[in-house]
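Here is the structure we will look at, set down as structure tokens.
No value in this document is a laboratory result; all are computed from the given coordinates. Here the structure is a predicted model, which means the values were calculated and not measured. Cβ coordinates were reconstructed from backbone atoms using ideal geometry, including for glycine residues, and neighbour counts include every protein chain displayed.
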Amino acid sequence: MALLSSPPSHFPTLSPPNSLSKTHFTLKSTFPLSLRGKRHFPLLSTRVSDNGSGVVVVEEDEKKEEAAPVVESEQKVESSEGSVETNGSPAVAAGAPVEVVVGKYENPKWVGGTWDLKQFQKGGTTDWDAVIDAEVKRRKWLEDNPESSNNDFPVVFDTSIVPWWAWVKRFHLPEAELLNGRAAMVGFFMAYFVDSLTGVGLVDQMGNFFCKTLLFVAVAGVLLIRKNEDIDNLKKLIDETTFYDKQWQATWQDENSTNSKKDF
Amino acid sequence: MAASIALKTFTGLRQSSPETTVQSHRPTTLSYRPLRISAGKFSPKVTGRNLRVAVIGGGPAGGAAAETLAKGGIETFLIERKMDNCKPCGGAIPLCMVGEFDLPLDIIDRRVTKMKMISPSNVAVDIGRTLKPHEYIGMVRREILDDYLRTRASDSGAKVINGLFLKMDKPVAKTAPYVIHYTSYDGKSGVAGKRESLEVDAIIGADGANSRVAKQIGAGDYEYAIAFQERIKIPDDKMTYYEDLAEMYVGDDVSPDFYGWVFPKCDHVAVGTGTVTHKGDIKKFQLATRLRAKDKILGGKIIRVEAHPIPEHPRPKRLSDRVALVGDAAGYVTKCSGEGIYFAAKSGRMCAEAIVEGSENGKRMVDEADLRKYLEKWDKAYWPTYKVLDILQKVFYRSNPAREAFVEMCADEYVQKMTFDSYLYKKVAPGNPLEDIKLAVNTIGSLVRANALRREMDKISV
């Protein structure tokens, strides 16, 4: 069994004394803390949304009821985990009083690794918004409390089961409304402004090349820059696309220069 | 300078070389060498001996380079610091490597024919349905593979030296030799070793991610990832699940810019993860990886913990005068998958071939132009592969929604076929245009859906 006290003896042989090697593992002392840190309280009470509140309450009750048996199974797992996570302080793993047991994600509508669409019926048809909400909550839960993936209960949910028009109605349309509104406001005032300055009416403006360019810029701006941060994001994106190429070309630039580049 | 002039004027001039002694050599060299010999017109002949080349580092890159050099008639010295080194490594080799390097099948511990990709929300997708019966990903133990390649190099005539490279003295004149200083561990001088030096005409730096040769030639630094791995011996019944299956876990918990893995080795599994941007949190990521695989590795015992840097991109300078870098020392590890063994061996071989060609089987001195040919050939052959993997990494390892979309896309058969074809044969497969368009549409759809869900998630978070 390799204890974590052994790594320091390994690393000198792995990487010959060399300033390039930056493998400093000073986290050994914080290791037990990170174990405890992994378990957080489930913040179920705050995850309330209109159609989900009923579900949330049920989950909480289930969690409380299951708290006792789950604790036991967690502790059993802990002691076998003790052999996996041998860190020289098994007392921390097995007997940590701070243990808050978080059970697996459970939801009566989550059946067999996917959403049971029959339970999402509203007025004869599937309520896709509810499916989307449920999946959002599930992903949020799992992001905060990552779970082990289990072969006996495989997750097979695929977002493409929700039809395209449900996505369009819920996500695309509101944003499209917003952007069209912005474009219309900008367009109206620009047209008025140009008309007041030059006396050229709207129809004549559209015939002018410069005005057409301005129109194109306005539409592109509204589409690409939706928040202030987008300007920086776009600049970073453009740099990103060519950065790797530059790294590969670096060795060819040296053919023409006598000094080596050490920028990267 | 002179090197680039030589490049432009020598082609087409080789038959009109004025040295008559060379003419008598040419027919014999051309009759058995399938390579086109085209030495620099201005390279002087090496008199009385063959060209001497030192290969620093005896891993896949060094072993392949030394073998090709020795077979090409060059006096080769392969310097390796630890003959039984168990280099921490994923250990996966593509199918084409077995054929191209004539690897015997017994050095492959396992043939992986199935992979499971697991998304942040534990959506699990199996890939490998499209593999033909003879196709597999080979899992090897590095100590076995490295030793085999070194032995083959030694059998071809290379001199294998157990020593630690210390430094090199640059040549004093244009065709003067390099002097390599190394500590030789030949058993007689005990553990400390004996300081020795060696004169050679060219050097191939194959000494890995922390390359000393690279430092000596001022090759510059690269960004690197830390890969951390624990070898875990799991109970036999759990081991049967990993008989021919490898797993890849993606998610912010497992790694912010890479993936966590469970790879089967000879009789245990290797569970690991890696990161470039958050190296300090690597232990946290490792815990998360073990948590995600918990049910499948329950009851396992950690038998070894190891870590190593992995280069993310090539060094700014990959060669200098008559010193060239290959393998991890040059930074030839792909993005997205982090694969390096095949590219190390292939680059070692390519560089050695360039030296053999440039020196006409060791008869002429090489210069930088001959070594640059290896870089040209390499970039031309593998740049598309590297670029595509870079784009995949940028698009799909960006964030959790991107990873969810990635796993969703892996369920598609066309994606699986393209991925495996490119991986196993190291050629960016052209594919069917109609399917490509469908794939592009589906990819965009997946990304849009995942990101939409993400925005909703942000709305309900506290």
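How would segment B:378-433 be classified by its alpha-carbon gyration tensor: rounded, prolate or oblate, with rounded meaning a/c under 1.5 and the a/b versus b/c comparison settling the rest?
Working: a/c = 2.73, a/b = 1.37, b/c = 2.00.
Taking the square roots of the gyration eigenvalues as a ≥ b ≥ c, segment B:378-433 is oblate.
Summing Lys and Arg as +1 and Asp and Glu as -1 over all other residues whose Cβ lies under 14 Å from the Cβ of B:A381 gives a net charge of +4. In a DSSP loop and with at most 13 other Cβ atoms within 10 Å, the trypsin sites (Lys or Arg not before Pro) in segment A:186-247 are A:R226, A:K227. Just for chain B, what percent of DSSP beta bridges are antiparallel, to the closest 5? Rounded to the nearest five, the antiparallel share is 70 percent. Overall dimensions of chain B, expressed as equivalent-ellipsoid semi-axes from the Cα gyration tensor (√(5λ), whole Å, largest first), are 43, 25, 20.
Taking θ as phi - 60° and the Karplus parameters 6.51, -1.76 and 1.60, the scalar couplings of segment A:130-141 work out to 5, 5, 4, 4, 5, 5, 4, 5, 5, 5, 4, 4 Hz in sequence order, x denoting glycine and proline. For chain B, the longest principal axis of the alpha carbon atoms and the long axis of helix B:368-396 meet at an angle near 0°.
Is the shape of segment B:191-308 best called rounded, prolate or oblate, per the rule: a/c under 1.5 gives rounded, else a/b larger than b/c gives prolate, else oblate, with a ≥ b ≥ c the square roots of the Cα gyration tensor eigenvalues?
Numbers: a/c = 2.89, a/b = 1.82, b/c = 1.59.
Because a/c hits 1.5 or more and a/b exceeds b/c, segment B:191-308 counts as prolate.
The percentage of C-alpha pairs in segment A:151-264 whose separation is greater than 24 Å is 62%.
Is there a pair in A:K235/B:K394; A:K246/B:K427; A:K236/B:K346; B:K167/B:K194; B:K159/B:K194 whose C-alpha atoms are over 24 Å apart, and which pairs would that be? In this structure, A:K236/B:K346 exceed 24 Å between Cα atoms. Extents of segment B:322-462, taken as max minus min of Cα coordinates on every principal axis and listed largest first, are 71, 39, 20 Å.
Nearest 500 deg cm²/dmol is fine: what mean residue ellipticity at 222 nm does chain B get from its DSSP H runs of n ≥ 4 alone, each adding -39,500 (n - 2.57), divided by its residue count?
On the way: 14 runs with 179 residues, N = 462.
Theoretical 222 nm ellipticity from helices: -12000 deg cm²/dmol.
Sorted from greatest to least, the principal axis extents spanned by the alpha carbons of segment B:397-461 come out as 45, 22, 16 Å.
In terms of distances greater than 19 angstrom between alpha carbons, the cross-link table entries B:K317/B:K380; A:K140/B:K459; A:K109/A:K140; B:K233/B:K296 yield no pairs at all. For helix B:60-71, report the angle its Cα long axis makes with the longest principal axis of the Cα atoms of chain B; keep it between 0 and 90° and round to the nearest 10°. Rounded to the nearest ten degrees, it is 30. Across segment B:397-461, the mean sequence separation of Cα contacts (distance under 8 Å, 6 or more residues apart), normalised by length, yields a relative contact order of 46 percent. Here segment B:81-215 is treated as a Stokes sphere of Kirkwood radius computed over C-alpha pairs; at 37 °C and 0.692 mPa s its diffusion coefficient rounds to 177 µm²/s.
Counting beta carbons within 10 Å around each of A:D127, B:D267, B:D201 and listing the fewest first gives the order B:D267, A:D127, B:D201. To the nearest ten degrees, helix B:413-425 and the longest principal axis of the Cα atoms of chain B are 20 degrees apart.
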